[in-house]
Amino acid sequence: MKSVALHNLGCKVNGYEMDVMQQMLQEKGYKIVPFDEQAVYIS
C-alpha cells in the first residue's frame, strides 16, 4: 500500500491546500500516516 505523510507549516491557506491534497491522495489509494512515521510504498 502506498502511504504519504503531510506536514503543514502553519498558515490557513496551506491548511486548506493540504486538506485538498490529502483528499486527492486518499482518492488515489494512498494511506495518510502521521508525519513522524515513515511513509513507504509496498507493492
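Please specify each residue of the range 1-37 satisfying the condition of being surrounded by 12 or more Cβ atoms within 10 Å (Cβ to Cβ) and among the hydroxyl-bearing types (Ser, Thr, Tyr). Hits for the range 1-37 are 3, 30. No other residue among 3, 43 is of a type in the set (S, T, N, Q) and at pLDDT below 85 apart from 43.
The values are calculated or read from the model by the stated rules, or taken from the named source; none is laboratory data. As the structure is a prediction and not an experimental result, all values here were calculated from the model. Virtual Cβ from ideal backbone geometry, glycine too; neighbours counted across all protein chains shown.
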